[in-house]
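The values are calculated or read from the model by the stated rules, or taken from the named source; none is laboratory data. Only a predicted model underlies this, so the values are computations on that prediction, with no experimental measurement involved. Don't worry about glycine lacking a Cβ; one is built from the backbone with ideal geometry, like all the others, and counts go over all protein chains shown. These area figures cover heavy atoms from the full protein model, side chains too; ligands, DNA and RNA do not enter into them. Shrake-Rupley method; radii C 1.70, N 1.55, O 1.52, S 1.80 Å.
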Amino acid sequence: MTSRKLIDVTLDQTTVVRWSADVEHERRIAIFDLLEDNSFHLIKSADENYEGPYKLHLATIEGRLQFDVKNTEDQILMSFRLAMTPFRRIIREYFAICDSYYEAIKTASPSQIEAIDMGRRGLHNEGSTLLMERLEGKVDVDMQTARRLFTLVCVLHLKDGRGPR
């Protein structure tokens, strides 16, 4: 169903000191790809008959991931928080392997770069699967949507554009 999708995604930038050019690029790509193709549907909503499309605002508040889901008229349909604790290890490892990847592309052989990239994609999939599990009972998303949302979760987890909070 085409209405069960996101048409707008924003990130809270008030807690961010600055994002590096690489992080800003990843954020833009994730949002662009997410808006181009996604599957997103609220399971519980303030308006039980509303089937989408949706607007999503993501933030981190008091160490939790805040989801504000709105209709096209900007009325809140559902607002909830997810604990970041289950994501911390994956995000920390993901940042470390991303740093290794960006260093490797400067000097490493293609096979070394490919091996690091496979590890990076594996961690990204692990984080995306965890996000889908944590959204269960609230929001129904497919794996591609979860992957792009996980990228945004990682971006929000950055304090200064370099590493985890």
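Which one of Thr85, Asn71, Ile97 is farthest out on the positive end of the charge dipole of region 1-119, using unit charges on Cβ (Lys, Arg +1; Asp, Glu -1) and the Cα centre as origin? Towards the positive end, the residue furthest out is Thr85. Its Kirkwood hydrodynamic radius, worked out from the mean inverse distance over all distinct Cα pairs, puts region 96-156 at 12.6 Å. Atom-type composition of the exposed protein surface of region 1-109 places 49 percent of the accessible area on carbon and sulfur (1.4 angstrom probe). Simple point charges give the picture: +1 on the Cβ of Lys and Arg, -1 on the Cβ of Asp and Glu, and for the chain a dipole about the Cα centre of about 540 debye. Solvent exposure of region 1-91, expressed per residue, is 55 Å² of accessible area, with all protein chains present and a 1.4 angstrom probe. Straight Cα distances below 16 angstrom link Lys55 to the lysines Lys5, Lys44, Lys70, Lys138, with same-chain residues fewer than 8 positions distant left out.
With springs only between Cα atoms under 10 Å apart, run a GNM on the chain and tell me which of Ala30, Ala115, Ala59 wobbles the most. Residue with maximal mean-square fluctuation among Ala30, Ala115, Ala59: Ala115.
Computed from Cα positions, the angle between helix 85-107 and the longest principal axis of the chain comes to roughly 40 degrees. Can you show me the helix-derived [θ] at 222 nm for the chain, built from DSSP H runs with n ≥ 4 at -39,500 (n - 2.57) apiece and divided by the number of residues, rounded to the nearest 500. Helices in the chain give a 222 nm mean residue ellipticity of -16500 deg cm²/dmol. For region 92-125, chymotrypsin sites (Phe, Trp or Tyr not before Pro) are listed when DSSP marks them as loop and at most 10 other Cβ atoms sit within 10 Å of their Cβ; the list is empty. Sequentially through region 131-147, phi angles give Karplus couplings (6.51, -1.76, 1.60; θ = phi - 60°) of 4, 4, 5, 5, 7, 3, x, 10, 9, 9, 10, 8, 5, 4, 5, 4, 4 Hz, Gly and Pro residues having no value and appearing as x.
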